[in-house]
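Encoded as structure tokens, the structure appears first; notes follow it.
The values are calculated or read from the model by the stated rules, or taken from the named source; none is laboratory data. Just so it is clear, the model here is predicted, and its values are computed rather than measured. In this analysis, Cβ positions are derived from the backbone assuming ideal geometry, glycine residues included, and neighbour counts consider all displayed protein chains.
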Amino acid sequence: MLKERLTQYVYLTRLHKPIGIYLLLWPTLWAVWLASEGAPDVGIVVIFTVGVVLMRSAGCVINDYADRHIDGHVARTCQRPLATGAVTSKEALSLFAVLCLLAFGLVLWLNTLTILLSFVALLLAAVYPFMKRYTYFPQVFLGAAFAWAIPMAFAAQTGTVPMLAWWLFITTVVWTVAYDTQYAMVDRADDVKIGVKSTAILFGTADKWVIGGLQLSVLLSLWLLGKEQALGFFYYMGLLLAAGLAIYQQYLMKDREPQYCFQAFTNNHWFGFAVFLGIVLS
């Protein structure tokens, strides 16, 4: 019985599907390495890495709670624990609270500024899942939630949030809108039927062009950031690899087939890793 409950909680938190952890982790580590000029505090790396796992898991739980009445109408999500009734709403909210408290416990090891910023992170994580009912830009709110670890990382490492942190924050928001639009393309037909909004629906037949423009903006911003920070050869090699991956994603999306759009979405893990590797090696 306990094993079955724990299995359902794993499904609810999506720990068996770590792509979201990677997409949140890479820009967080970009920030940690840039804030520390390549020599991060080991404790801060551990705290933010564990925090990413906890908050991504919490985000999945509150997302499924928000979507508990609509996930059953979407082919990709109809077997989620809340949609099938395998986990109750009360259990989900309790699990969300526990995960947030554990993450907050980690933040308490850091400075006051980082603790204060963590309350914004909680607010963004809790609000994002409900935005798809009110706006065609829920991906922007997801981007803000994912990117908020960046000012927190700078605050933890340096005690301040400089302009560089906000530069990286905005770049990450744009990147998130690009890859989460790819993700939304998978569910577009179902979302239109049930009245859920997304950038994939808003962009319509211009979706691939808009995603390409967003990817180009991200790469340009990261290139300028590298110039500003005097990063070296390996950083630009990382950006070149990331650019190649963006082109590959466009190839995958060419016919808008849901399974290939999903592959394009998951490929962003390697995009983020390529940038991180370039920062570390520089």
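Within segment 102-121, the set of residues being aliphatic (A, V, I, L, M) and either within 24 Å of Val42 (Cβ to Cβ) or touching an Asp or Glu at 6+ places or on another chain (Cβ under 8 Å) (or both) comprises Leu102, Ala103, Leu106, Val107, Leu108, Leu110, Leu113, Ile115, Leu116, Leu117, Ala121. Checking each residue of segment 42-49 against the condition of being in contact with a Leu (Cβ under 8 Å, 6 or more places away or on another chain), more than 26 Å from Phe262 (Cα to Cα), of a type outside the set (A, V, I, L, M) and touching a residue at least 12 places away in the same chain (Cβ under 8 Å) gives at least one match. Only one of the listed residues (Arg14, Arg80) is of a type outside the set (S, T, N, Q) and on the phi > 0 side of the Ramachandran plot. That residue is Arg14. Of all residues in segment 98-118, those satisfying the criterion of being over 21 Å from the mean Cα position of the chain (by Cα) and buried (at least 17 other Cβ atoms within 10 Å of the Cβ) are Leu110, Leu113. For segment 203-212, the criterion of being in a helix (DSSP H, G or I), surrounded by fewer than 16 Cβ atoms within 10 Å (Cβ to Cβ) and in contact (Cβ under 8 Å) with a residue 60 or more places away in the chain is met by none of the residues. A Cβ distance below 8 Å, combined with a sequence gap of six or more or placement on separate chains, defines the contacts here; from segment 241-267, residues that are of a type in the set (A, V, I, L, M) reach residues that are surrounded by 20 or more Cβ atoms within 10 Å (Cβ to Cβ) and assigned to a loop (DSSP other than H, G, I, E, B) in the pairs Ala264/Met253.
Which residues, counting only those in segment 76-88, are among the β-branched types (Val, Ile, Thr) and in a helix (DSSP H, G or I)? Thr84 - this is the single residue of segment 76-88 that is among the β-branched types (Val, Ile, Thr) and in a helix (DSSP H, G or I). Considering only residues in segment 133-147 that are surrounded by fewer than 24 Cβ atoms within 10 Å (Cβ to Cβ) and touching a helix residue (DSSP H, G or I) at 6+ places or on another chain (Cβ under 9 Å), the one that is farthest from Thr28 (Cα to Cα) turns out to be Arg133. Among all positions in segment 11-34, there is at least one residue which is farther than 28 Å from Ala189 by Cα, among the β-branched types (Val, Ile, Thr), surrounded by 13 or more Cβ atoms within 10 Å (Cβ to Cβ) and modelled with pLDDT of 90 or more.
Of the helices (runs of 4 or more DSSP H) that lie entirely inside segment 1-75, those containing 2 or more residues that are over 27 Å from Trp109 (Cα atoms) span 2-13, 42-66. If the condition is being free of Cβ contacts under 8 Å to residues at least 60 places away in the same chain and among the hydrophobic types (A, V, I, L, M, F, W, C), then segment 68-104 contributes Cys78, Ala83, Leu93, Phe96, Ala97, Val98, Cys100, Leu101, Leu102, Ala103, Phe104.
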